[in-house]
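Colleague: One structure coming up, written as structure tokens, with questions to follow.
The values are calculated or read from the model by the stated rules, or taken from the named source; none is laboratory data. Computed from a predicted structure; not experimentally measured. As a convention, Cβ positions derive from the backbone with ideal geometry for all residues, glycine included, and neighbour counts pool all protein chains shown. Keep in mind that these areas ignore ligands, DNA and RNA; they rest on the heavy atoms of the full protein, side chains included. Shrake-Rupley method; radii C 1.70, N 1.55, O 1.52, S 1.80 Å.
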Amino acid sequence: METTPPSPSSPTPVSTGSLSRTERLDRLPVTRKHTKLLTGSGIGWALDAMDVGLIGFIMAALTVHWDLSQTETSWIASIGFIGMALGATFGGLLADKFGRRHVFAITLLVYGLATGAAALSTGLVMLLALRFVIGLGLGAELPVASTLVSEFSPRAIRGRMVVLLEAFWAVGWIAAAIIGTVLVPLGDDGWRWAFAVGIVPAAYALVVRLTLPESVRYLESKGRHEEAETTVREFEASEPTAGFLQASAASAADRVLDESQQDAAIIGDAASTEPVTSIWAPSMRKRTAAFWTVWFCINLSYYGAFTWIPSILASNGYSLVKSFTFTLIITVAQLPGYACAAWLIEKWGRRATLTAFLVGSACSAGLYGLADAEWSIIVAGCLLSFFNLGAWGALYAVGPELYPTPLRATGTGAATGFGRIASIIAPLIVPPLLVFGGTGILFALFGVAFAIAAVAAFTLPELKGTALAER
């Protein structure tokens, strides 16, 4: 029996039975509301990346303009990561308590205003204090945004949606490379203009607060059922979109696991009926330990390498403009890395994709350590950028799936916060390692860290096609 397709203005049909609101969301096609959520969250994500990326260029400039030692330069990066570690940890807790959207908007406001104020820094101490505040906002935003997008995404392509969110990081990092290449070398105050651009997130916080929806799962957990129902109906009434995501959702629908398989995969113990109350509960501790290991190792390698690449190139005799141009070219390779990960994560699954990209990152780090000619630096750098950022995309897709709704933002935030410890350490260990063994030893260490992360990633549960756990 044939049915007439709904008109664009009519609600997307769903089974009426006894489906919960989250099940109704899981079974929706990709709608304009989904793409608006993804784009709105992604812009915030890109602004975060722009701020983080700019500091590498500013460090290289301030080393010259303020005559800083390598240790002082290292602290400009590390103090921000200390703030990010605290922000990620407490941001997740606050998002589970007060809502994803509210905390998302506040984080944008905090780091946007602090970045603008950093342009007025009169010395190293003032800059370090503001970089710490910036880090608080930056660190809190990422796990909150990924949780929000994950909780709204149709089940069949949830991983792909989160990888595409993470792909906005490349957009922001490319913007940082362009700003760094164009503005920072202008003169002694070029770095101030770069910081001034970073005030944009403060204005965007208002957009987030007014236009993005609050998580339905969060609203239900707080007993706000009327608001949750209104939000679900808005998504059901939204017009389906055409294109890549829609086709992916249709082709992935037949791979969704049945309910008994889902429960066993999510909770880790099919016989358990007790709610999970801690990320270190018996059914959670193995995945939490593995997840934290991946976060630590990938942070150590990524921020140790990409924060210092402009300065390392400059110290090897390249001009600021040339070293910044090399960094810009290397950064562009992030985009195909994300695209590849977004496609593979629903083909291979989360675990295989994350592991493969981490192995590729390890090999690329080794190649970069051996590179000496200009062409080899660019090729190895592009490979490292491709694999490393693809791994980041897969990692952010994995996190929200590991934990039930009351612990989802807390679990992802805690792992992010633990990983930021490595990002604090990374900029500080680079100068002594460069003195001790040069670029080869430094990137060999990063390669080993990526390899350890790959082993840990392979132990994580495969949750492709499963429903997000509610308790």
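Colleague: Can you tell me the relative contact order of the range 21-245? Whole percent, Cα pairs under 8 Å, sequence separation 6 or more.
Modeller: Reported as a whole number, the value is 37 percent.
Colleague: Here's something else I'd like to know. Between T31 and residues 5 or more places away or on another chain, which pairs have amide H atoms under 5 Å apart, with H built 1.01 Å from N, and which residues are they?
Modeller: T241
Colleague: What part of the accessible area of the chain, given as a whole %, is carbon or sulfur when the probe is 1.4 angstrom?
Modeller: After summing per-atom areas, the C and S share lands at 68 percent.
Colleague: Remind me, relative contact order of the range 280-470 in percent, using alpha carbon pairs under 8 angstrom and six or more residues apart?
Modeller: 42
Colleague: A follow-up question, please. Expressed in whole Å with the largest first, what are the equivalent ellipsoid semi-axes of the range 21-245 derived from the C-alpha gyration tensor as the square root of 5 times each eigenvalue?
Modeller: 36, 18, 13
Colleague: Another one. Can you compute 3J(HN,Hα) from phi for each residue in the range 95-112, using the Karplus curve 6.51 cos²θ - 1.76 cosθ + 1.60 with θ = phi - 60°, rounded to whole Hz and x for Gly and Pro?
Modeller: Each residue's phi maps through the Karplus curve to give 5, 6, 8, 10, x, 5, 5, 4, 5, 4, 5, 5, 5, 4, 5, 4, 6, x Hz.
Colleague: Between the range 345-418 and the range 451-471, what is the C-alpha centre distance in whole Å?
Modeller: Cα centroid to Cα centroid, the span is 14 Å.
Colleague: Expressed as a rounded percentage, what relative contact order does the chain have, with Cα pairs under 8 Å and six or more residues apart?
Modeller: 26
Colleague: Excluding same-chain pairs closer than 8 in sequence, count the lysine pairs in the chain whose Cα atoms lie under 29 Å apart.
Modeller: 16
Colleague: If packing is taken as the average count of other Cβ atoms within 10 Å, what order do 142-152, 360-370, 380-390 fall into, highest mean first?
Modeller: Output ranking for 142-152, 360-370, 380-390: 142-152, 380-390, 360-370.
Colleague: Would you mind working out the magnitude of the charge dipole of the range 21-245 relative to its Cα centre, with +1 at each Lys and Arg C-beta and -1 at each Asp and Glu C-beta, to the nearest 20 Debye?
Modeller: The dipole of the range 21-245 has a size of about 600 debye.
Colleague: Now a separate question. Calculate, for the chain, the solvent-accessible area per residue in square angstrom, rolling a 1.4 angstrom probe over the heavy atoms of the protein chains.
Modeller: Value returned for the chain: 37 Å² of accessible area per residue.
Colleague: Cα centroid distance between the range 99-120 and the range 130-187, in Å?
Modeller: 13
Colleague: Quick one: putting +1 on the C-beta of Lys and Arg, -1 on the C-beta of Asp and Glu, what dipole do you get for the chain around its Cα centre, in Debye to the nearest 20?
Modeller: 200
Colleague: Still on this structure: Return the calculated 222 nm mean residue ellipticity for the chain, to the nearest 500 deg cm²/dmol, obtained by summing -39500 (n - 2.57) across DSSP H runs with n ≥ 4 and dividing by the residue count.
Modeller: Value at 222 nm, helices only, nearest 500: -25000 deg cm²/dmol.
Colleague: Then there is this: Could you sort the peptides 78-87, 419-428, 117-126, 186-195 by per-residue average Cβ neighbour count (10 Å cutoff), highest mean leading?
Modeller: Final packing ranking: 78-87, 419-428, 186-195, 117-126.
Colleague: Quick one: give the max-minus-min coordinate of the C-alpha atoms of the chain along each principal axis, largest first, in Å.
Modeller: The Cα atoms of the chain stretch 73, 41, 41 Å along their principal axes.
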